[in-house]
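The values are calculated or read from the model by the stated rules, or taken from the named source; none is laboratory data. None of the values given here were measured: they were computed from a predicted structure. All Cβ positions, glycine included, derive from the backbone under ideal geometry; neighbour counts span all protein chains shown.
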Amino acid sequence: MQQSIEQTAHLPGGIDLCFDTFGDSDDPVLLLVMGLAGPLNWWSPELCRTLAERGFFVVRYDNRDVGRSTKLNGAGGTRAALFRSFVGGRAAPPYTMSDLAADAVGLLDHLGVAKAHVTGVSMGGMIAQTMAIDHPGRISSLVSIMSSTGSRRVGWQHPRLLTQLLAHNRDSRDGYIKSAERTWQRIGSPGYPPSPEEVRERAGETFDRGISVSGAVRQMQAVVSQPDRSAALQRLRLPAMVIHGLADPMVHVSGGRATARAIPGSELLLVPGMGHDLPAELWPTFADAIGRTAERAKRPGARD
């Protein structure tokens, strides 16, 4: 099964999103939303093909400030502003989680898609949750993976991990790859360690797509300044699945548990040995969970 050539969606407000697709466009759309500083290639083509074989038209994309989508250079994104946001919320972010959710909805508009199944990872899970809150009529089902509710009381991480994410050597391809290897060794799944070759290949692709230190900071500002969505999530009425690794050092499993508690009728899947990545060994598990959640949207009484 082949993927489409990368395309660009021109959204209102001057944001361009790079995306590609897998599968039959007549099938139900599954929108995949990646996390912090993660371009679309972090959704493995093999996983996307697996999902397409399950009957989805799979769409993956670069968020703003990532990869080949619009970089908001000059719109803040300083480490000092990030620190102020982290410690007290005294610095307004260049954009918010709602803006990132609106980008995703704008991509659906560009594709002529009225409703989609949405799966998000980490920050992408936060975007997916916000889509369900801000644009409830556009989502058929929601899968939130290794994410959290926005409450700082759950889903915490050690501040040094954020520092490490910013510490990649962006000046050379080799330097970036070596730094990425250190990062994934620290946050990846201890039960399913990736091969060094796999990490280097993905890091090289990420560097080649285009990276932005200030863009990563702007995304972090959106994350640390986001509201606690717990009350809003309790008002959702849609099939939902929450997946979280029990060995996640980046977003503590308490974030996943809190998300599942907040969304009525959601299913919680906790995975031993899973850290803050998407190991190939777990792709069948993810595909089953996404498919099962989408099937729930077909049941009598599911929200139209």
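Can you tell me which residues in segment 1-33 are over 20 Å from GLU295 (Cβ atoms) and of a type in the set (Phe, Trp, Tyr)?
Residues of segment 1-33 that are over 20 Å from GLU295 (Cβ atoms), as a first pass: 1-21, 25, 33.
Scanning segment 1-33 gives a single hit, PHE19.
Is there any pair linking a residue in segment 235-246 that is without any contact (Cβ under 8 Å) to a residue 60 or more places away in the chain to one that is assigned to a loop (DSSP other than H, G, I, E, B), with Cβ under 8 Å and at least six apart or on different chains, and which?
Cβ pairs passing all conditions: LEU246/PRO272; LEU246/GLY273; LEU246/MET274.
Restricting to segment 258-279, and then to whatever is part of a helix (DSSP H, G or I) and in contact with a strand residue (DSSP E or B) (Cβ under 7 Å, 6 or more places away or on another chain), can you tell me which residue is farthest from ILE127 (Cα to Cα)?
ALA260
I need a count of the residues in segment 7-28 that are surrounded by 13 or more Cβ atoms within 10 Å (Cβ to Cβ) and either small (Gly, Ala, Ser) or outside any loop (DSSP other than H, G, I, E, B) (or both).
11
Does GLY106 meet the test of being at pLDDT below 95 and out of contact with any Ser or Thr (no Cβ under 8 Å at 6 or more places or on another chain)? Before you say what the answer is, go through the steps one by one.
Details: at pLDDT below 95: no; out of contact with any Ser or Thr (no Cβ under 8 Å at 6 or more places or on another chain): yes.
It is false that GLY106 is at pLDDT below 95 and out of contact with any Ser or Thr (no Cβ under 8 Å at 6 or more places or on another chain).
Would you be able to tell me the number of residues in segment 212-239 that are out of contact with any helix residue (DSSP H, G or I) (no Cβ under 7 Å at 6 or more places or on another chain) and buried (at least 23 other Cβ atoms within 10 Å of the Cβ)? Quick ask: steps written out before the conclusion?
Taking segment 212-239 and keeping what is out of contact with any helix residue (DSSP H, G or I) (no Cβ under 7 Å at 6 or more places or on another chain), we get 212, 214-215, 218, 227-228, 231, 235, 237.
With the extra rule that they be buried (at least 23 other Cβ atoms within 10 Å of the Cβ), the set shrinks to 215, 218.
Final tally of qualifying residues: 2.
Could you tell me which numbered condition ILE211 fails, if it satisfies all but one of (1) closer than 24 Å to SER44 by Cα; (2) modelled with pLDDT of 95 or more?
If we test ILE211 against (1) closer than 24 Å to SER44 by Cα; (2) modelled with pLDDT of 95 or more, just (2) comes out false.
Among the residues of segment 176-197, is any on the phi > 0 side of the Ramachandran plot and modelled with pLDDT of 90 or more?
Of segment 176-197, the ones on the phi > 0 side of the Ramachandran plot are none.
Within segment 176-197 (the criterion being on the phi > 0 side of the Ramachandran plot and modelled with pLDDT of 90 or more), the answer is no, since none of the residues qualifies.
For GLY191, are the conditions met, namely being of a type outside the set (A, V, I, L, M, F, W, C), assigned to a loop (DSSP other than H, G, I, E, B) and touching a Ser or Thr at 6+ places or on another chain (Cβ under 9 Å)? Break it down stepwise before answering.
Numbers: of a type outside the set (A, V, I, L, M, F, W, C): yes; assigned to a loop (DSSP other than H, G, I, E, B): yes; touching a Ser or Thr at 6+ places or on another chain (Cβ under 9 Å): no.
So GLY191 does not fit the description; no.
Mind listing whichever residues of segment 236-257 are farther than 21 Å from LEU31 by Cβ and touching a strand residue (DSSP E or B) at 6+ places or on another chain (Cβ under 6 Å)? Reasoning before the result, please.
Narrowing segment 236-257 to residues farther than 21 Å from LEU31 by Cβ: 245-250, 252-255, 257.
Correct list: GLY245, LEU246, VAL253.
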